[in-house]
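Student: First the structure, then my questions, so here it is.
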Amino acid sequence: MSAIPPDEMLVVEAVRKSFGGTQVLRDISFSVRRGEVFGIIGPSGSGKSTLLRCITQLERVSGGKIRVCGETMVSDAPDGTARYAPPAALRRMGLKIGLVFQNFNLFPHFSVLRNLTEAQIHVLKRPKDEATERALGLLKRMGLESKAGAYPCQLSGGQQQRVGIARALALQPEVLCFDEPTSALDPELTGEVLKVIRDLAERKMTMVVVTHEMDFARELADRILFMDGGVVVESGTADEVISRPKHSRTQSFLGRLRR
């Protein structure tokens, strides 16, 4: 196998995942380059969220290889099982990939500010003053500087999701993953979250975005992967996959969305 180009931040090769006897990911392969927005689309149950959970170490793969910023997280052992890197290396790689959850996953008993500083202090071992300064800067960037002392229950869904994005950015990941970041929001709140993601794209943040917002995916994604039934059906540029899909399964999926 040829050497991995230095600008490839995430490489997924033939990744497989089973829950019991059910295989939910079947030989998924793709790579994400530095500064790229990589979109993943597909129907519910196609394995998109499971794939993100495997990339971010919330789930363990059954086989295949994942490389993060040039380091191997997991690969196939000679006996066919998945062989993970040692714990210290996994922790290091885990800090390089952030995840913004579909349902926010903020700590309800922490203020907005503490949601942003907790991991900085306890995981990155940053001094509290430094963690607070970074958190306040991110909240200002999200238009939420006045909400630092509020609790999640006092925020709208759009505000909670922006806090979730700020919390992920506070750890300064190399790659930021989004799992359907607007699916839990009312339509009128979706725009404020998409605006933040647009801003990150303009800043050349490397992102993997699972989304059902096709217009948004067409606008921002450099490349798109369409999944169905746990397999990659089609991949290419946003224009190729969304505007001119070749596979009948892709055409059918997009056709249902346009009705």
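Student: Per DSSP helix of 4 or more residues, -39500 (n - 2.57); summed, then divided by the residues of the chain. What does that give at 222 nm, rounded to the nearest 500? The partial results should precede the final answer.
Tutor: On the way: 8 runs with 89 residues, N = 259.
Mean residue ellipticity at 222 nm (helix-derived): -10500 deg cm²/dmol.
Student: Let me ask another. Report, as a whole number in µm² per second, the diffusion coefficient that Stokes-Einstein gives for region 168-250 at 37 °C and 0.692 mPa s using the Kirkwood radius over alpha carbon pairs.
Tutor: Numbers: Rh = 13.9 Å.
Calculated translational D: 237 µm²/s.
Student: List the aspartates and glutamates whose Cα sits under 12 Å from the Cα of Lys128, skipping any in the same chain fewer than 8 residues away.
Tutor: Straight-line reach from Lys128, under 12 Å: Glu118.
Student: Apply the Karplus curve 6.51 cos²θ - 1.76 cosθ + 1.60, θ = phi - 60°, to the phi angles in region 98-113 and return the couplings in whole Hz, x for Gly and Pro.
Tutor: With coefficients 6.51, -1.76 and 1.60, one gets x, 9, 9, 7, 4, 10, 6, 6, 7, 6, x, 8, 9, 5, 4, 4 Hz.
Student: Here is a follow-up. Identify all lysines with a Cα-Cα distance to Lys48 below 18 Å; exclude those on the same chain that are fewer than 8 residues away in sequence.
Tutor: Once the sequence-local lysines are set aside, what remains near Lys48 is Lys17, Lys65.
Student: Pick out, in residue order, every one of the trypsin sites (Lys or Arg not before Pro) in region 78-125 that is DSSP loop and has at most 11 other C-beta atoms within 10 Å; say none if there are none. The partial results should precede the final answer.
Tutor: Working: sites: Arg83, Arg91, Arg92, Lys96, Arg114, Lys125; in loops: Lys96, Lys125.
Answer by residue number: Lys125.
Student: Counting other beta carbons within 10 Å of each residue's own, what order do His212, His122 fall into, fewest first? List each step's numbers first, then the result.
Tutor: On the way: His212 15, His122 10.
Fewest-to-most Cβ neighbours within 10 Å comes out as His122, His212.
Student: Just to confirm the filter: which trypsin sites (Lys or Arg not before Pro) across region 196-226 are DSSP coil and have at most 14 other Cβ within 10 angstrom of their Cβ?
Tutor: Working: sites: Arg198, Arg203, Lys204, Arg218, Arg223; in loops: Arg203, Lys204.
Qualifying residues, ordered by number: Arg203, Lys204.
Student: Turning to a different aspect of this structure: Of Thr182, Thr132, Gly149, whose Cα points farthest to the positive end of the dipole of region 122-237 (charges on the beta-carbon: +1 Lys, Arg; -1 Asp, Glu; origin at the Cα centre)?
Tutor: Of the candidates, Thr132 comes out farthest on the positive side.
Student: Find the lysine pairs in region 140-259 meeting two conditions, Cα atoms under 23 Å apart and a separation of 8 or more places or different chains, and report how many there are. Could you put the intermediate results ahead of the total?
Tutor: Numbers: Lys140/Lys195; Lys140/Lys204; Lys147/Lys195; Lys195/Lys204.
Within region 140-259, the lysine pair count is 4.
Student: Just going by the charge dipole of the chain, with Lys and Arg at +1 and Asp and Glu at -1 on Cβ, which of Asn105, Val232, Gln159 is farthest out on the positive end?
Tutor: Asn105
Student: Further, regarding this structure: How do Cys153, Cys177 rank when sorted from fewest to most other Cβ atoms within 10 Å of their own Cβ?
Tutor: On the way: Cys153 9, Cys177 26.
Sorted ascending by nearby Cβ count, the order is Cys153, Cys177.
Student: Right, next: Could you size up the charge dipole of the chain around its Cα centre, putting +1 on the beta carbon of Lys and Arg and -1 on that of Asp and Glu, and report it in debye to the nearest 20?
Tutor: Working: 36 positive and 30 negative charges, 63 e Å.
Here the chain has a charge dipole of around 300 debye.
Each value in this text was obtained by applying a stated rule to the coordinates, not by laboratory testing. What you see is a predicted model; the values in this text were computed from it and never measured. Ideal geometry is used to build each Cβ from the backbone, glycine not excepted, and the neighbour counts take in all protein chains shown.
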